[in-house]
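All of the numbers you see were taken from the coordinates with simple rules; none came from a lab. These numbers come from a predicted model, not from an experiment. No Cβ is skipped: glycine too gets one built from the backbone with ideal geometry, and neighbour counts run over all protein chains shown.
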Amino acid sequence: MASADRFKPYAPDVQAVVRLEEALPPDHPVHPFVDLVRSVDLAHFATPPGPKGEKPYHPHALFGILAWGYLHGVRSSRKLARLARQEATFAYLAGGGRPDYRTLARFRRDNAAAFTAVFQETVVLALRLGLARLGHVALDGTKLKANASKHKAMSYGRMQQREAQLKEEIARLVEQAEARDATEDEEYGADSDGYAVAEELARREARLAKIRALRERLEAEQRAEQGLPDGAAPAIADKEQRSFADGDARIMLMKRGAYDYAYNAQAAVDREHGVIVAADLTNVAPDVGHLPGLVARVRALRAVAEIPEAAPTTASADAGYFSADNAAEDGDGLDLLIAAGRDDPAAARSTAGVYPADCFGYDAGRDVWVCPADRPLVRQVTAPGTRGRPSKHRYLADPAECAACPLRARCLKPGEHRRVLVAQRSRPTGAMRFKLRQPDARRRYARRKAIVEPVFGQLKHARGFDTLSLRGLALATGEYLLACLAHNLGKLLRVCPLPAARPAPLAAA
C-alpha cells in the first residue's frame, strides 16, 4: 500500500476561519452585486421577520439573496435558503445569516410593492451609467403562466348551477339531520351524539361559500367594466371562467397554442444593452391597451435624463398594439413606430375585390392619402356628419394615374378611378401606415425583434421564469418586477466598479 506521506494532508473536518469575501475570487461578479444591493434605499422595504427572540435579518441580505437567485434562475425559497447555507456566493450575500425559506418567502411577498420602486432605481442608474440611452426602445408583451390550474376553476354558468345544487343538498341534509336527531333522542336519549351529518353538512356549506364568493367577485368585476351601479345584474357569458387558486388570473392563449391561466407581462427594452426601462403585469390579454402606460413611463424617463425634444426616442411595437388611440401617442418626445399588421399592403384585399381603406396611408404634410401603388389621393369634398356621426372626407385619385397603374386590376373595375371616404379619426392610423412605409422607418422598425425578444428569452428560457410563484395580481406584479430588476442588475454588473469604489445610494444623489 502506498504511503500517505506522498500526498498533502486530507482533513475535511479541520476548522478554519475564512472570510467569505476572501473565499471568492476578487473579480467575481458578486462583489459589485453586493455594492449594488447596498445602494438600494432601505426605506423601500418592509421590516422582515427575524428568528424567535432575535433581531430581524437585514433587508439588503434577503433582497440580495432573492435578486441573485432570480438572476441565476433560482426562485424556490427552499432552494435559496439551502444555498445561503451551502454556496459561497449566496452565503456572502446573506452576510453570515441563515434565513430559512419561510423568511425569504415572506420577505418576497411583503415587499411586492417595494420591488417596483427598486426596479425604477435600476433604470435610473442604468441611464446615469450610459447602459440605457433611450435612443430606441422596443415594446412587447409575453404571457406568464399563473400559479393556478385549469382544473381548479369554474365557469359562471357552472357556478350558478352548482350553487343551486349545493343549496338543495344542504337543505336535504338539514332535514335528514333533524329527523335523525329526533329518532336518536328517542332511542339513546337527548344527551347522546349518536349519528349526525354535521361533517358532510359543513363540507357542503364551505364549498357553497367558496363558489358564492368567486361568483360575487366575478359579478363585481363585470359591473365595474360595464359601468353598472352596485346591485345591478351584469351581462356575463356562461363560459366566463375564474380560478379558485388565483382569482385575478385569466385564461389566455399561450405560445404553443394552448389556453391556460396566465398574466400579460409587458416590457419596454432599451436598444443599447437590453436594459428593461419600463415593465408592468396585467390580467388583460390583448396588448393594445398597454401602450399608453409604457410610453408614459418612457416620457418620464426622458425628463429624468433631460433628453431634449429635438432628440426623440424611437418606440417600436408590433401589430398587437395598433389602434387609433395608440397611433395618436406619436410625438411629444417619441417617434412611435407601430406595425399595422399589413407588411405588404398590395397583398391585402377586401371581400369586394378591391383594396380596403386600411391599405392606404395618410401623409399629414400634404393632407393626402397614399394608395398601395404610392400614388396620392387628394381631398375633394367634406361630407357633413349625420345623427351625431363624425364628418368624413372624400379623397380622389388622378384618373390618368389610375388608368396606368400596374395594380389597377387588383383595385378597380374598368373605367373607374379610386376614391376613399375616411373619417378624421382615421388619420392617426393612416399616418402610422404611411410612416412605416418609409425606408428609414422600416429600417428602424426591423430592429425591434432583436431588441426586446432576447430579453424575454433570457427571462423565460435561460432563467426559467415562465411561471409565476405568487398568486394575485399585486403579488404577481411584484414578482415580475423582481425578475426585471434582477435582469437590470445583471446588466449593471458590466460597468459597476469593484468594491474599492462603491456607488453612492441613488436616494442620496
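Table for the structure above
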item	result
Using θ = phi - 60° and Karplus 6.51 cos²θ - 1.76 cosθ + 1.60, couplings along the stretch 324-335 (whole Hz; Gly, Pro as x)	5, 5, 5, 4, 6, 6, 4, x, 6, x, 10, 9
Gained length - Asp367 relative to Glu225, 0.36 nm times residue gap less alpha-carbon distance	47.3 nm
Filter on Lys435/Lys491; Lys210/Lys255; Lys167/Lys210; Lys460/Lys491 - keep pairs with C-alpha separation over 23 Å	Lys435/Lys491; Lys210/Lys255
Extension gain (nm, one decimal) between Lys210 and Asp335, 0.36 nm per residue minus Cα-Cα	40.1 nm
Length gained when the stretch Val124-Lys255 is fully extended (0.36 nm per residue, less Cα-Cα span)	43.9 nm
Which of Leu24, Leu131 has the fewest Cβ neighbours within 10 Å, and the rest in rising order	Leu24, Leu131
Residues Ala233 and Glu168, FRET efficiency given R0 of 22 Å [Cβ-Cβ distance, rounded to 0.05]	0.45
Under the Karplus curve 6.51 cos²θ - 1.76 cosθ + 1.60, θ = phi - 60°, whole-Hz ³J(HN,Hα) for the stretch 272-283, x wherever Gly or Pro sits	4, 9, x, 6, 7, 9, 8, 8, 7, 9, 9, 9
Nitroxide proxy distance, nm - points 7 Å out along Cα→Cβ at Ala446 and Glu54	6.0
Under 5 Å, built H, 5+ apart or other chain: amide partners of Ala132	Leu127
Whole-Hz couplings from phi, Karplus 6.51/-1.76/1.60, listed for the stretch 101-116; x for Gly and Pro	5, 5, 5, 5, 5, 5, 4, 4, 6, 6, 10, 4, 6, 5, 5, 5
Förster radius 51 Å - calculated FRET efficiency between Gln161 and Arg102 (Cβ-Cβ, nearest 0.05)	0.80
Placed amide H near Leu336: partners under 5 Å, 5+ positions off or other chain	Ala315, Gly331
